[in-house]
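Report on one structure; see the data block that follows.
Every read-out reported here was derived from the displayed coordinates using simple, explicitly stated rules and does not represent laboratory data. Since this is a predicted model, take the numbers as computed values, not measurements. All Cβ positions, glycine included, derive from the backbone under ideal geometry; neighbour counts span all protein chains shown.
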Amino acid sequence: MHALYFVGTAGSGKSTLTHTFANWLRNAKVSVGTVNLDPGVLHLPYGPDIDVRDFVSLQGIMEKYNLGPNGGLVAAIDLISTRIETIIEEINELGVDFLLLDAPGQIELFAFRDTGPIIVSSLGGESKMIVYLVDAALGKNPAGLVSSLLLSASVLVRFQLPQLNVLSRADLLNEEEQEQLELWLDDPDQLIHDMNALRNELQIELSTELYKSIQRLFSGLDIVPISSLKDETLELLFSNISNTLTSGEGFEIFR
């Protein structure tokens, strides 16, 4: 079984991509299961095969411990780790080739607390990876792109798994914005040059030095543009995922 963790900032499209990619895999005759890891989500565009809300009640935790929404989410996500064995049993019962795990919307609660790495290390077997979603709304300006790549690098450090960066909701960018983003990724000097157009000197210096550090320390800064509305980008996504998980050999579905 291959486990894909969809991670990203709130509103970056993790649940939507989980939904559409699962459907795409099913249409390609690939067996797939979905897991919702967000105890606080109210509505999902898909019916998860496994849902942590069945094990952890955010509302119940808030009432029991007199917590607000944020404190309740911290406690709820931490409590998920106490139900790991039960969740593993349910995953094994699915008997699927691919498992899509929809991470909580609050990336700081999942990636930067101990619970996130515990969950990721426990669920999904040996073949697993992170699909990190860079929100197109953030990636279309220099400072936003650098900030997104910094978060991506932080996730890579935290989970220490193969990771693919994707530009989610790429259809929201016009042709000029898409070309500009591709230019920045292909030519770091151009990105640094465009950051110099920022008015705040401290922001220019910080963004430039952060990007240089990310570029020096982490390879694979390419971002695969995808849209949940376009099947051809979902095929591109799967192709990149298969190459990542198989060290470039790919899965038979594309042979």
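For the stretch 159-174, indicate whether the set of residues that are assigned to a helix (DSSP H, G or I), among the β-branched types (Val, Ile, Thr) and either in contact with a strand residue (DSSP E or B) (Cβ under 8 Å, 6 or more places away or on another chain) or over 28 Å from residue 242 (Cβ atoms) (or both) is non-empty. The answer is no; no qualifying residue exists. Here is the figure for the stretch 152-172: residues that are buried (at least 19 other Cβ atoms within 10 Å of the Cβ), out of contact with any Phe, Trp or Tyr (no Cβ under 6 Å at 6 or more places or on another chain) and farther than 22 Å from residue 122 by Cα total 5. Considering only residues in the stretch 1-28 that are in contact (Cβ under 8 Å) with a residue 40 or more places away in the chain and surrounded by fewer than 17 Cβ atoms within 10 Å (Cβ to Cβ), the one that is farthest from residue 72 (Cα to Cα) turns out to be 28. Report yes if residue 145 is of a type outside the set (Ser, Thr, Tyr), over 27 Å from residue 245 (Cβ atoms) and in contact (Cβ under 8 Å) with a residue 24 or more places away in the chain, otherwise no. No; evaluated as a whole, the condition is false for this residue. Looking across the stretch 94-111, the residues that are part of a strand (DSSP E or B) and of a type outside the set (D, E, K, R) come down to 98, 99, 100, 101. Taking the stretch 121-139 as the range and being in contact with a helix residue (DSSP H, G or I) (Cβ under 8 Å, 6 or more places away or on another chain), assigned to a helix (DSSP H, G or I) and either surrounded by fewer than 24 Cβ atoms within 10 Å (Cβ to Cβ) or among the hydroxyl-bearing types (Ser, Thr, Tyr) (or both) as the test, the residues that pass are 122, 137, 138. Looking across the stretch 38-74, the residues that are part of a loop (DSSP other than H, G, I, E, B) and touching a Pro at 6+ places or on another chain (Cβ under 6 Å) come down to 38, 56.
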